Amino acid sequence: MKVSIIGAGRKRNGIGEYIGKYFHKNGAKVISVLGTTEETSAKASAVLRRYGIEAIPFTDFYKMVEGERPDAVVIASPSSTHYEYLVNCVDLGLHIFCEKPFVRPDIDDPRIKVEGILKDAKEKKLTVAMNSQWPFAIKYYKRICGEIEMKKSNKFFISMSPFCSGREMISESVPHALSLLYVLLGQGEILDLKVESVKQEEMIIRFKYLSGTKDCVVLIKLVKKEEQPRDLQFGWNDKIVRRSLNLKNYDIYFSYGNKKLKIADPLELSVRNFIEAIEKRQEPFIGYAHIMHNASLLKEIYDGYSEA
């Protein structure tokens, strides 16, 4: 499988470089990268060489697709560019691995736009996945915390440290929380939403997630942090794991109480699942219904924000 990457640079919070590494590691051929300028695309191409990847740099999407004929495209560019690239990729018959958020929640009618993209992709038998990787780590959460017992009433907590501030934190971080809720509880609705912000750099989001006969009281804490590694904690019913990272070799660990567990990188598991979905012609783990639900509830939370 030949793959092209849009946004393979590391500027700000980009993870396109690591997505490219994991596609290469799992047998795909990364053939090209797309940047906004010749300098940025050449730099992204040079960075990928450290993983044994020879990717031709481009600044024009259509020239890249016409010249290299990829089978799939990774969309890891800023979220403001996602919608246009999604439409263009589907039009050209390309499989898509898109970083979260799938589309920005401030565009007009995001649910309708996402539904249209996915409908067209389905008609063309294209595989479309969103990279919201933390659901792939649930099996490690269970190993260190024990099985997750979903009761009639539950609690979910997640704390993240996005690089941005203000309302933008919702767009960049909340998709992770919504994905974890979806995987554990299924489709749900939001009740009693409260969004509280402090000096643009801290935010508390509270709501009740109602799914069938079960509900979950949700608390999302966001605190801006520009340096790496960024903080992450999450868990259900007061069993909270903390993610830590060894910056020398990028090993990832979960800690709970006095226990510590090395885990596989959920980003690699997300990439691998997408590759397998294409090969086996099956729905990816973060697929159509999940993407639709995520985009819809993200919009609801985003609209619930008001300046302090």
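The values are calculated or read from the model by the stated rules, or taken from the named source; none is laboratory data. Remember, predicted model here, so these are calculated numbers, not experimental data. Note that we place each Cβ from the backbone using ideal geometry, even for glycine, and neighbour counts take in every protein chain shown. These accessible areas exclude ligands, DNA and RNA; they are computed on the full protein's heavy atoms, side chains included. Shrake-Rupley method; radii C 1.70, N 1.55, O 1.52, S 1.80 Å.
The alpha carbon centroids of segment 227-269 and segment 19-34 are separated by 25 Å. When the chain is treated as a GNM, springs tying every alpha-carbon pair under 10 Å, which of 258, 88, 294 comes out with the largest mean-square fluctuation? Fluctuation is largest for 258. Under the criterion of Cα pairs below 8 Å and six or more residues apart, the relative contact order for segment 173-308 equals 22 percent. Taking 7 Å steps out from each Cα toward its Cβ at residue 279 and residue 2 produces label points 2.0 nm apart. A simple spin-label model places pseudo-atoms 7 Å from Cα toward Cβ; at residue 66 and residue 196 they are separated by 5.6 nm. Output the relative contact order of the chain, whole-number percent, from Cα pairs under 8 angstrom with separation of 6+ residues. Across the chain, relative contact order equals 18 percent. Using the Karplus relation 6.51 cos²θ - 1.76 cosθ + 1.60 with θ = phi - 60°, the per-residue 3J(HN,Hα) values for segment 232-238 come to 8, 9, 7, x, 10, 6, 6 Hz, with x marking Gly and Pro. Between the residues 95, 144, 118, the greatest Cα displacement towards the positive end of the dipole of segment 1-155, with unit charges on the Cβ of Lys, Arg, Asp and Glu, is found for 144.
Accessible surface of residue 306, taken over heavy atoms with a 1.4 Å probe and every protein chain present, rounds to 70 Å².
Helical content alone sets the calculated 222 nm signal of the chain at -11000 deg cm²/dmol, taking -39,500 (n - 2.57) per DSSP H segment of four or more residues and averaging over every residue.
The shape of segment 1-83 comes out rounded: with a ≥ b ≥ c from the C-alpha gyration tensor, a/c is under 1.5. How much FRET efficiency would the formula 1/(1 + (r/R0)^6) give for residue 125 and residue 187, where r is the Cβ-Cβ distance and R0 is 22 Å, rounded to 0.05? After rounding, the FRET efficiency stands at 0.35. Going by a ≥ b ≥ c, the root eigenvalues of the Cα gyration tensor, does segment 124-245 fall in the rounded group (a/c under 1.5), the prolate group (a/b larger than b/c) or the oblate group? Rounded. These residues, 248, 224, 139, go from largest to smallest accessible area, 1.4 Å probe, as 248, 139, 224. Backbone geometry of segment 187-197 corresponds, through the Karplus equation with coefficients 6.51, -1.76 and 1.60 at θ = phi - 60°, to 3J(HN,Hα) couplings of 4, x, 10, 9, 10, 6, 6, 9, 10, 10, 10 Hz, x marking Gly and Pro. You can think of it this way: the chain between residue 225 and residue 250 has 7.1 nm of extra reach, that is 0.36 nm per residue less the Cα-Cα gap.
Residue separation of residue 237 and residue 49 scaled by 0.36 nm, minus their Cα-Cα distance, works out to 63.3 nm of gained length.
Student exercise: in segment 107-184, how many lysine pairs 8 or more apart or on different chains have Cα atoms under 27 Å apart? So the count of such lysine pairs works out to 9. Once you have a ≥ b ≥ c as the square roots of the Cα gyration tensor eigenvalues for segment 1-153, tell me rounded if a/c is under 1.5, and otherwise prolate or oblate according to whether a/b is larger than b/c. Taking the square roots of the gyration eigenvalues as a ≥ b ≥ c, segment 1-153 is oblate.
Return a whole-number percent for the relative contact order of segment 159-234, with Cα pairs under 8 Å and 6 or more residues apart as the contact set. Relative contact order for segment 159-234 comes out at 42 percent. When only the Cβ of Lys, Arg, Asp and Glu is charged (+1, +1, -1, -1), the dipole of the chain relative to its Cα centre reaches about 1300 debye. For the chain, leaving out every one of the GluC sites (Glu not before Pro) that falls in a DSSP loop and has at most 13 other Cβ atoms within 10 Å, the longest unbroken run is 55-146.
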